[in-house]
Amino acid sequence: MARLTLVKVALLSDCYLPRLGGIEVQVHDLAHRLSAAGHEVEVVTATPGDTRDTTHDVEIDERDGTSVLVHRLPLRIPGAPPINPFVKDEVRELLTSGGFDVAHGHMGVVSPFATDMIGVAVDAGLPTAATWHCVIDRSGPIFRALGHARRWGEAGAALSGVSSMAAERVSGIAGGADVQVLGNGIDVDRWRPTPDDAARPTDGVVRVVSAMRFVRRKRPGALIDVLRSAREQLDRTTPHVRLEAHLVGDGPQRRLIAAQLQRHGIDWIHLPGRVTREQLRDLHWRSDIYLTTARLEAFGIAPLEARTAGLAVAALRGTGVEDFVTDGRNGILRGSDDDLATGLAQLASDPTGLAQLRAHNLATPPAQSWDSIIGATLAEYERAAR
């Protein structure tokens with residue numbers, strides 16, 4: 001398979017829109033970006049649409065008119081998660097008779113459907129790529145014992161992780177297989193503001209934003225602690241500078257965080273809930289700093305969106321964010337929550353330094369543009385074909 005030769009690809013994923021999350025959005029965008037480049041794309045997923053019926057519908061992207069055929073194969077059980085162990089034969093028939101050149105599976109922390117379907121593709125002799133969108137942490141011994149990644153690698157599948165850190169963790173369960181980095185993509189033009197959009201008010205308020213799923217793994221409680229500590233430090237050292245924060249998203253921890261804020265009378269941290277991409281982009285354009293306290297961040301598409309929108313990013317070291325944030329250039333990276341709070345306070349109290357970080361991010365698009373990621377994706381498909 002030569003580079004840029006038009007291919008027919010099957011994207012295999014437990015999760016897909018309308019379910020919301022990082023993998024769901026990335027697989028959708030990858031599908032339509034490949035379609036826009038002239039490739040034929042079909043998605044195979046266990047995520048249902050409006051009903052839990054099996055469907056095979058063409059999905060049209062309203063923004064660019066690209067089309068993707070989506071095969072939804074959910075369990076017909078109300079409330080069931082996106083899994084279905086009973087469709088292996090159906091997917092095998094689809095992959096072997098559908099004229100596909102390559103299959104590309106997308107793995108999360110727990111991905112029984114993608115795991116099954118990647119195995120089906122490998123067993124059928126179809127060139128196969130597998131990308132991990134997660135951090136393999138304490139589950140590493142389990143994954144090594146199960147041996148899926150090792151067997152796929154031995155069979156010639158092209159294995160990748162969405163960041164250098166994620167790829168290193170995958171390598172640890174893949175029995176020495178070559179694991180590449182295949183990052184998430186971003187629509188740079190969509191997130192970069194115009195000069196007018198990037199104009200900041202001069203009211204002494206430093207606006208912090210974060211977007212997350214409110215679950216323990218994302219550490220929303222730690223994020224609140226970092227914000228409160230930074231604000232207390234500013235009150236002591238630079239009382240004329242005020243922090244204001246918007247924490248966007250939803251999840252089981254959101255109600256607990258809201259109760260905590262109410263109990264302590266904290267009215268400068270806002271929880272607007274789930275918002276559209278356009279609303280998040282507009283919030284970024286009105287803000288200064290993006291903050292994340294996640295430790296198990298395989299990539300960090302939300303911080304990348306913020307960095308592309310011109311925000312300085314404040315994050316912990318040792319995560320996938322380090323693939324696109326360099327300390328002192330795009331934002332700040334610290335080794336602990338306490339150091340992150342101190343760094344946030346110092347950054348908020350230094351308007352010149354903050355302006356320099358934002359100016360760099362506005363003037364320098366990230367390397368993870370979709371054009372670049374599509375090229376890297378096709379290179380993975382070539383590697384799988386070899």
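Tabulated results
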quantity	calculated
Which numbered condition Phe100 misses (of (1) without any contact (Cβ under 8 Å) to a residue 60 or more places away in the chain; (2) in a loop (DSSP other than H, G, I, E, B))	(1)
Filter result (in a helix (DSSP H, G or I) and under 24 Å from the mean Cα position of the chain (by Cα)) within region 226-261	Val226, Leu227, Arg254, Arg255, Ile257
Positions within region 5-51 being in a loop (DSSP other than H, G, I, E, B) and under 17 Å from the mean Cα position of the chain (by Cα), in sequence order	Asp14, Cys15, Tyr16, Leu17, Pro18, Arg19, Leu20, Gly21
Some residue of region 200-207 being outside the structural domain of Thr276 (by TED's automatic domain parsing) and either within 30 Å of Ala258 (Cβ to Cβ) or surrounded by 17 or more Cβ atoms within 10 Å (Cβ to Cβ) (or both)	no
Neighbours by Cβ (under 8 Å, 6+ apart or cross-chain): first from region 110-131, in contact (Cβ under 8 Å) with a residue 60 or more places away in the chain and assigned to a helix (DSSP H, G or I); second surrounded by fewer than 23 Cβ atoms within 10 Å (Cβ to Cβ) and basic (Lys, Arg)	Met117/Lys88
Filter result (β-branched (Val, Ile, Thr) and within 24 Å of Arg219 (Cβ to Cβ)) within region 331-358	Ile332, Thr342
Any helices (runs of 4 or more DSSP H) falling wholly within region 283-375 and containing at least 3 residues that are touching a helix residue (DSSP H, G or I) at 6+ places or on another chain (Cβ under 6 Å)	301-308, 337-348
Check on Val313, in contact (Cβ under 8 Å) with a residue 24 or more places away in the chain and either under 24 Å from Thr202 (Cβ atoms) or in contact with a His (Cβ under 7 Å, 6 or more places away or on another chain) (or both)	yes
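The rows are residues; the columns are (1) in contact with a helix residue (DSSP H, G or I) (Cβ under 6 Å, 6 or more places away or on another chain); (2) surrounded by 14 or more Cβ atoms within 10 Å (Cβ to Cβ); (3) not polar (S, T, N, Q).
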position	(1), (2), (3)
Asp53	no, no, yes
His56	no, no, yes
Glu62	no, no, yes
Val68	yes, yes, yes
His71	no, yes, yes
Pro74	no, yes, yes
Ala80	no, no, yes
Phe86	no, no, yes
Glu90	no, yes, yes
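The values are calculated or read from the model by the stated rules, or taken from the named source; none is laboratory data. The structure presented is a predicted model; accordingly, all values stated were derived computationally and were not measured. So basically every Cβ, Gly included, is an ideal-geometry build from the backbone, and we count neighbours across all protein chains shown.
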